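Asks: Could you have a look at this structure, given as structure tokens, before my questions?
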Amino acid sequence: MSKTSYTLIILLGITVILFLFFNYSHTENTKLPSLNQNAKSATSVAKTTLSLSPASQTLVAGETSRIGLFIAMQDMTPTTLQVEIDYDPSVLTPIKISPGTFFAQPVELINTINPRNGRISYALKCSSEVGVKDDPTCTINAGESVATIDFTVSPFAAKRESSFNVLPKTLIESKETSEVILQTHNAKVFIQGAVILQASPSAVVTP
């Protein structure tokens with residue numbers, strides 16, 4: 001085979017290689033859009049209102065009464081509630097806090113009343129199996145109280161008004177979401193017969 005033939009074969013090979021290279025390098029490279037960009041976040045946000053009811057009541061000094069803790073839900077099924085409530089221990093004396101009928105099978109996790117600091121710490125779950133969020137026994141009764149607080153107004157109350165206040169540390173956990181926007185409403189107590197001490201006029205000393 002002549003040198004010319006070898007040269008033609010080599011040139012032909014180079015031409016084929018260049019053709020294949022440019023053909024593949026200019027082929028449109030279509031990429032699927034990122035799933036992370038198009039997928040909705042798995043963590044939704046739920047809104048709920050936690051209220052102490054009645055919102056206000058008028059009692060006589062020394063009288064015993066009760067308030068309830070209620071949840072108004074939006075697209076969520078609560079499974080666990082931890083609530084922190086403060087009050088004025090010189091005026092109000094909580095006797096006990098008990099589960100309501102909101103959860104069909106409530107289980108108390110925390111039940112503490114600190115009369116010195118005026119603080120109630122309370123937590124409960126809907127299921128008897130603590131930590132199981134999707135327990136089929138986690139049935140709720142919407143509109144019913146989550147918990148109730150029995151309390152007494154001090155017979156020596158020196159204020160005409162006091163209140164039970166839900167603190168920001170209060171948390172709600174649900175099946176549907178890990179984040180809950182919580183709005184709270186407190187309960188006021190107006191007191192009749194409160195012993196209001198008034199300062200007497202200062203004595204005038206005659207020289």
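Asks: Kirkwood hydrodynamic radius (Cα pairs, Å) of the range 46-192?
Replies: Result for the range 46-192 stands at 15.6 Å.
Asks: Another one. For the peptides 120-126, 140-146, what is the packing order when you average, over each peptide's residues, the other Cβ atoms within 10 Å and list the highest mean first?
Replies: Descending packing order for the listed peptides: 120-126, 140-146.
Asks: Would you tally the net charge around Thr152, using a Cβ to Cβ cut-off of less than 15 Å, leaving Thr152 out, and scoring K and R as +1, D and E as -1? Don't jump to the answer; show the numbers that get you there.
Replies: Values: positive: Arg66, Lys96, Lys159; negative: Glu63, Asp88, Asp150.
Its environment carries a net charge of 0.
Asks: Would you mind working out the magnitude of the charge dipole of the range 46-192 relative to its Cα centre, with +1 at each Lys and Arg C-beta and -1 at each Asp and Glu C-beta, to the nearest 20 Debye?
Replies: Values: 12 positive and 15 negative charges, 100 e Å.
Once rounded to the nearest 20, the dipole reads 480 debye.
Asks: Can you find, among Gln82, Ala72, Pro54, the residue sitting farthest towards the positive end of the charge dipole of the range 46-192, where Lys and Arg contribute +1 and Asp and Glu -1 at Cβ?
Replies: Projecting each Cα onto the dipole axis, the largest value belongs to Pro54.
Asks: Summing +1 for each Lys or Arg and -1 for each Asp or Glu, what net charge is found among the other residues whose Cβ lies under 14 Å from the Cβ of Ile97?
Replies: For residues surrounding Ile97, the net value is -1.
Asks: When Lys and Arg each count +1 and Asp and Glu each count -1, what net charge do the other residues less than 11 Å away from Ile67, Cβ to Cβ, add up to?
Replies: The answer is +1.
Since every read-out is calculated from the coordinates, none of them should be taken as a lab result. Owing to the predicted nature of the structure, the values given are computational and were not obtained by experimental measurement. Note: ideal-geometry Cβ built from the backbone for every residue, glycine included; neighbour counts use all protein chains shown.
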